[in-house]
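To start, the structure under review is shown below, and the notes come after it.
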Amino acid sequence: MKTINWKYLKYLFLLGPVLTITGLVAGLVSSSWGSVPVGLIVAGIVIIGLWLLSLGGSPNGFWGRRSTQAGTNALAATLAVLVILGLINFLGVRRVVRVDLTENQLFTLAPQSQQLVQNLSQPVKLWVFEENPNPQDQQLLENYRRYGSQFSFEFVDPQLRPGLAQRFNLQSLGEVYLESEGRRKLIQTVNPQRGESLSETVVTNAIAQITSDRVGKVYFLQGHGERPLQAAQGSISQAVTSLGEKSYTTQPLDLAKSPGIPQDADLIVIAGPKRALFAAEVTALSDYLKRGGRLLVMVDRNTNPGLDNLLKDWGVRLDNRLAIDLSGGQAGLSPAVIMVTRYGQHPITKDFQDGRSFYPFARPIEVTPIAGIQATPLLVTNDQSWAESNPESDRLQFDPESDRQGPLILGVALSRVYPPQSASAPSPTPTPTPTATPGATASPSASPTPTATTSASPSPSATASPSASPTPTATTSASPSPSATASPSASPTPTATTSASPSPSATASSSASPSPTNSPAKTANADQKPAESRLVVLGNSDFASDGLFEQQLNGDVFLNSVSWLSKQDEQLLSIRPKEVKDRRINLSQDQANVLGWIAVLIMPLIGFITAGLVWWFRR
C-alpha cells in the first residue's frame, strides 16, 4: 500500500481562503446570502481553522515564532484601527455635525429659518420639478431637513413621472411647489441655466405662509403727496412688492374720503407726505394709537405733515436740520447721504450687527423720555456727524452755535401700553359728596358745561374721566327745585334720572344708583386686556424708495419695522441673502512693480548671497 505524502497536504489548506473569498463574492454579486455562498464561507473558515491547528503549539512551531507574534500584533492593531474608524464613521452618520467656516456662514441657514423649521408642527413637503437637480438647491434643502424632521423635499423629473406633473398642473420646468395638509402653493421657478436657484428667503417665507392662516393688512396713507405705491418716480413699489411676498395685503387709505381707521388694519404707513394732514385725520390716527394701533411714520426734511402734536405725546420731535456725515466720502458718498452702521438693540435691528444702510437727505429725530413709553433708537449716526442748520452754504462746516453734534438718531421705535378705555369710569363713585354742598351746585347749574360738575367732585380720579357719565348726576341731585328742572339736566344720563327724580332726600339713593351702573363696567374692564400701541418714526423715506430699497440693509429696515409693528416679528423677519465678500487687493502700478522686483530679483539674490556666505565659512 502506497503511503500518503503529508508534505503536499498542506497545499490543500489553500482551499480555505479560496472558498471564503468565493462565498463572499457570490453573496455580494447575487445580493442573496443563500445556502451556496454561506456554505462556501463556512467551509473556507473551517479549512483555515484546521490549518491553524495543524501548525502546532510547540515553542519552535508556527505560533512560537517571533515573526508570527509580531505579525499577529500588527494584524490586531490594524483591525483595531479599522474598527475605530468604522465606529467613528457610524457615529458621524448617525450624529451629523457640520461646522461652517465661511465668514458669512454661506452654508448655514439663517436663525429665522432654523427656528421656523424646528417649530414646524405639521408635515411640509417641497417639490422641485427639474430634470437635473441643482447641487446648490439640493444642499440648501438638505440644510432645511437637517433642522426639522417635519420638512421633506423631492426632486421630480416630469418626463419620468408625468402623472405627478399632471396632478400639480405643471406649466414649465423648474417650478417649485410647497405642500402642507392639503394646501399647495407655487413658490418659485428655478432655472440653473439663467442662474435662478432656490432662495432661502422665498422658501422660508413660503413655509411661514402655508403653515399660518394669518394675513397682515397694511394701509398706506394717501392724499398728502405720499410716495406712490405703483411703479413711478420716487415710488415705493419694491417695498410694496416685498410686503406681498411676505403675505401682507397692502391697500391705500384716504382718510378724507373714508374717515376712520379700518378695523382690519394691522398698521398704517405714512410714507413721505409732502403736505400736512387735516386735523381730523391726525385725531383719527391718534385715537387709533390709543386703541392699540400701530403706525409707521417716514418723514423727509423740509416737510411738515402736521403730526407734531401726535408725536409730542410720544416724546418725539422732528428736527428740520439736515444730517451731515463727511466720513462717507471715503466710500464715495455725498455728505448728505448718511451711512448708518450703528443700530439699537431692538427686534427690528437685532440681526444687523455692523451692516450698512443709507439715508439720503435725512433729518434727525429728538426723543424725550416719557413715563410709560419705551423708546429704542434704531438708527444712530457716528460721532463725526452733525445736524446742519444751513445746508445751502457753500462749505459745510459744523457750527456749534446753530448745529447739533452727532451722534444723531434717524429712527426710533416706541411702544406704549394703554389701559382699557373704560377703566376710568369707576372714579365717579364719590357722587354723594356733591349732595352735601347744594349751595355749590347752584352756581354750576348756571354753567351747564360738564366741566363745572367735575370740579365739584374734588375726589381723586374724577379728572381722569372728564366725560364720565356720573358727573351729570351731581347736577340732577343738586337741583332741588322742581322735578322739571331735574328732568332736562338728567337727560344726558338716563340711569341717573330715575333715581334723581325724588326729593333731595332721595339723593342718597341717587348716589347709590351710579354704583350699580359702574359695577358691571368694572367687571367688563377686568376682562379687557391692556392694548399695546407701537410707533416707528424714521427721519427719511428715500431709503425705502425704488432703487434704494434693495441697497444693503435698507429693505430690511423697512420690512422688519412692518413686521414688528404688525406684531409678526415673533414669527418671521427679513432674511438677507448671503453674498461672498469681494476681498480683491487693488494695487497701484508702483506697488505692483515693487512686488515684482522683490519676487523676481531681491528674494533670489538674498538666497544666492546666503548660499555664498555659507560656502565661504565652510570652505
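The values are calculated or read from the model by the stated rules, or taken from the named source; none is laboratory data. Treat the numbers as computed from the prediction; the structure is a model and nothing was measured. No Cβ is skipped: glycine too gets one built from the backbone with ideal geometry, and neighbour counts run over all protein chains shown. Areas reflect the complete protein model, heavy atoms only, side chains present, ligands, DNA and RNA absent. Shrake-Rupley method; radii C 1.70, N 1.55, O 1.52, S 1.80 Å.
Can PRO377 be described as closer than 30 Å to LYS290 by Cβ and modelled with pLDDT under 50?
Values: closer than 30 Å to LYS290 by Cβ: yes; modelled with pLDDT under 50: no.
Considered against the rule, which asks whether it is closer than 30 Å to LYS290 by Cβ and modelled with pLDDT under 50, PRO377 comes out as no.
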Based on what the data block shows, is ALA271 at pLDDT 90 or above, open to solvent by 10 Å² or more (accessible area, probe 1.4 Å) and of a type in the set (A, V, I, L, M)? no
Checking LEU255 against (1) open to solvent by less than 30 Å² (accessible area, probe 1.4 Å); (2) modelled with pLDDT of 90 or more, the condition it does not meet: (2)
Pairs please, first residue from segment 378-403 and farther than 30 Å from LEU565 by Cα and part of a loop (DSSP other than H, G, I, E, B), second anywhere and open to solvent by less than 50 Å² (accessible area, probe 1.4 Å) and among the hydrophobic types (A, V, I, L, M, F, W, C), Cβ atoms under 6 Å, 6+ apart in sequence or on different chains. PRO391/LEU322; LEU396/ILE324; PHE398/TRP386; ASP403/TRP386; ASP403/ALA387
The lone condition ARG356 fails out of (1) closer than 20 Å to PHE549 by Cβ; (2) surrounded by 15 or more Cβ atoms within 10 Å (Cβ to Cβ); (3) in contact with a strand residue (DSSP E or B) (Cβ under 6 Å, 6 or more places away or on another chain) is (2)
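For the subset of segment 87-103 comprising residues that are of a type in the set (D, E, K, R) and open to solvent by 100 Å² or more (accessible area, probe 1.4 Å), which member is farthest from ARG146 (Cα to Cα)?
We begin by selecting, within segment 87-103, every residue of a type in the set (D, E, K, R); these are 94-95, 98, 100, 103.
Adding the requirement that they be open to solvent by 100 Å² or more (accessible area, probe 1.4 Å) leaves 94-95, 98, 103.
Working: ARG94: 12, ARG95: 11, ARG98: 10, GLU103: 21 Å.
The qualifying residue farthest from ARG146 (Cα to Cα) is GLU103.
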Kindly indicate whether ALA232 is open to solvent by 30 Å² or more (accessible area, probe 1.4 Å) and among the small types (Gly, Ala, Ser). yes
Considering only residues that are of a type in the set (Lys, Arg) and under 22 Å from the mean Cα position of the chain (by Cα), which ones fall in segment 142-168? ARG145, ARG146
Residues being part of a loop (DSSP other than H, G, I, E, B) and more than 26 Å from ALA362 (Cα to Cα) - total across segment 265-292: 4
Checking the structure you have, find out if any residue of segment 109-116 is exposed (fewer than 11 other Cβ atoms within 10 Å of the Cβ) and assigned to a loop (DSSP other than H, G, I, E, B). no
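One line per residue, one yes/no per condition, for (1) open to solvent by 60 Å² or more (accessible area, probe 1.4 Å); (2) at pLDDT 50 or above; (3) over 33 Å from the mean Cα position of the chain (by Cα); (4) not β-branched (Val, Ile, Thr):
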site	(1), (2), (3), (4)
ASP394	yes, yes, yes, yes
SER402	no, yes, yes, yes
VAL412	no, yes, no, no
PRO419	yes, yes, no, yes
THR429	yes, no, yes, no
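Having 2 or more residues that are at pLDDT 85 or above and not small (Gly, Ala, Ser) is the bar; report the helices (runs of 4 or more DSSP H) wholly within segment 514-617 that clear it. Write out each step before concluding.
Numbers: elements: 514-527, 554-565, 589-597.
Once the helices (runs of 4 or more DSSP H) in segment 514-617 are filtered for at least 2 residues that are at pLDDT 85 or above and not small (Gly, Ala, Ser), what remains is 554-565, 589-597.
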If you scan segment 323-347, which residues turn out to be part of a loop (DSSP other than H, G, I, E, B) and either in contact (Cβ under 8 Å) with a residue 12 or more places away in the chain or under 15 Å from TRP386 (Cα atoms) (or both)? ASP325, LEU333, SER334, PRO335, ALA336, THR341, GLY344, GLN345, HIS346, PRO347
Out of everything in segment 285-323 that is open to solvent by 20 Å² or more (accessible area, probe 1.4 Å) and among the hydroxyl-bearing types (Ser, Thr, Tyr), what residue ends up being nearest to PRO273 (Cα to Cα)? THR303
Given the criterion touching a strand residue (DSSP E or B) at 6+ places or on another chain (Cβ under 6 Å) and open to solvent by 20 Å² or more (accessible area, probe 1.4 Å), identify the matching residue among PRO347, PRO335. PRO335
Of the residues in segment 171-208, those that are at pLDDT below 85 and hydrophobic (A, V, I, L, M, F, W, C) come to LEU186, ILE187, VAL202, ALA206, ALA208
